[in-house]
Amino acid sequence: MPVAVPPALDPILPLLRCPSCGAELATAPGALRCPNRHSFDVARHGYVSLLTGTRATSGDDGPMARARRDFLAADRYAAIRDTVADLAGESGAGPGGGAGPATVVDVGCGTGYYLAGVLDAMPGAVGLGLDTSAHALRTAAKAHERAAAATWDVFRPFPIASEQVDVVLDVFAPRNPAEFHRVLRPGGTLVVVRPFGGHLVELRRQVAGMVTVDPDKEERLHQALDPFFEETRTERVEYTAPLTRQEAVDLVLMTPSARHVTEADLDDEDTLPAEVTVAVLATAYRRR
């Protein structure tokens, strides 16, 4: 028996385009399908598999997705989520730019934590989370009743119609500025979150193999975005968060550092910090 198409996909359908031919998509039993008979299955976990051809391998694996889900559920990053939601309001989106609801697309959505926070702050808005990781999307598909989820690779042209999205989120994720610009409606908002300075410095001191914050990250970000966007507002979010030992382990294992550090390595550590510095920059941009 085909998997039921999640109700959250219905209001998102006007945004979506067939990744094979660019035609509009419609629901079919257990799938989305275009008039040219390209079909994309809905997984039993509730996300739709849009990514075709060579599969991206950079997304969270199962342990990384579980660590991310569990750490974010503790709300140690709630201040970041709230800031993202506040900046998303820069779009001024009530109803969307067209006749339908406001639309939010979270690129590299992970488990959907930030997308759910934005949708909570934007009553009536609908969301779509895109990620390469099927493991993370299993959680993202259930993160909010108004959020749909789909597999996609940020570095490919998005399966989304041009100038139809009110808010694009890019939180600790890779970026595709040209595609962000294409899919955002005039007046829409891009929100970008990235670490800076002493972010997680206590873990980096204690855990060998932790990825550091690139000091040239900001310069590269501006070079990439400036041709397409102008900055409207930046918030600096910096605080000290308490951690249980398990939260510290999950925080390490949900980051790219997990490709260099195992949970067994962390068991060998004499101590993990009982608190950690959180330091991120969150910026709202308007398309040029």
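The values are calculated or read from the model by the stated rules, or taken from the named source; none is laboratory data. Everything numeric in this text was worked out from a predicted model, so none of it was measured. Reconstructed Cβ throughout: ideal geometry from the backbone, glycine too, with neighbour counts over all protein chains shown. Note: areas computed on protein heavy atoms with side chains; ligands, DNA, RNA excluded. Shrake-Rupley method; radii C 1.70, N 1.55, O 1.52, S 1.80 Å.
Taking the charge dipole of the chain about its Cα centre, with +1 at Lys and Arg Cβ atoms and -1 at Asp and Glu Cβ atoms, the residue from GLN164, LEU281, GLY110 reaching farthest to the positive side is GLN164. Close amide H pairs (under 5 Å, H built 1.01 Å from N) link ALA23 with CYS18, residues at least 5 positions away or on another chain.
State the Cα centre-to-centre distance between segment 23-54 and segment 136-205 in whole Å. A separation of 21 Å, based on Cα centres. Averaged per residue, segment 62-287 has 40 square angstrom of accessible surface, using a 1.4 angstrom probe with ligands and nucleic acids left out. Across the chain, C-alpha contacts under 8 Å between residues 6 or more apart give a mean separation that, scaled by the residue count, equals a relative contact order of 19 percent. Prolate is the label for segment 193-287. Its Cα gyration tensor axes, ordered a ≥ b ≥ c, give a/c of at least 1.5 and a/b above b/c.
In order along segment 174-181, the Karplus-derived 3J(HN,Hα) couplings, from 6.51 cos²θ - 1.76 cosθ + 1.60 at θ = phi - 60°, round to x, 10, 9, x, 4, 6, 4, 5 Hz, and Gly and Pro are given as x. Ordered from longest to shortest, the equivalent ellipsoid semi-axes for segment 136-197 are 19, 17, 13 Å, each the square root of 5 times a Cα gyration tensor eigenvalue.
For the chain, a crude dipole built from +1 on the beta carbon of Lys and Arg and -1 on the beta carbon of Asp and Glu, taken about the Cα centre, is about 1080 debye to the nearest 20. Averaging the sequence gap over all C-alpha pairs within less than 8 Å and six or more residues apart, then dividing by the number of residues, gives segment 130-272 a relative contact order of 17 percent. Dimensions of segment 107-165 along the principal axes, based on C-alpha atoms and rounded to the nearest Å, stand at 30, 30, 13, largest first.
Annotation: segment 62-287 has a Kirkwood hydrodynamic radius of 17.8 angstrom, from the mean reciprocal C-alpha pair distance.
Per-residue Karplus couplings for segment 78-83, computed as 6.51 cos²θ - 1.76 cosθ + 1.60 with θ equal to phi - 60°, are listed in order as 4, 5, 5, 4, 5, 5 Hz, Gly and Pro entered as x. Think of segment 62-287 as a dipole: +1 on every Lys or Arg Cβ, -1 on every Asp or Glu Cβ, centred on the Cα centre; then among MET210, THR244, PRO177, PRO177 lies furthest on the positive end.
Full extension of the chain segment joining HIS38 with ALA74 gains 8.9 nm, where the gain is 0.36 nm per residue of separation less the Cα-Cα distance. Between HIS222 and GLU145, the C-beta separation translates, for a Förster distance of 45 Å, into a calculated FRET efficiency of about 0.75. Take the Cα radius of gyration of segment 148-233 and divide it by 2.2 N^0.38 Å, N being the number of residues; the result is 1.29. Per-atom-type breakdown for the chain gives carbon and sulfur 49% of the accessible area (1.4 Å probe, protein chains only). Across segment 62-74, rounded Karplus estimates of 3J(HN,Hα) from the backbone phi angles (6.51 cos²θ - 1.76 cosθ + 1.60, θ = phi - 60°) give x, x, 5, 5, 5, 4, 5, 4, 6, 5, 5, 5, 7 Hz, Gly and Pro being marked x. Under 5 Å between amide hydrogens, built in the peptide plane, is the criterion, and for TRP152 it picks out ASP131, THR132 among residues at least 5 positions away or on other chains.
Sites listed here are GluC sites (Glu not before Pro) in segment 143-220 whose DSSP assignment is loop and whose Cβ has at most 12 other Cβ atoms within 10 Å: GLU145. The dipole here belongs to segment 198-288: it is taken about the Cα centre, uses +1 on the Cβ of Lys and Arg and -1 on the Cβ of Asp and Glu, and is about 580 debye.
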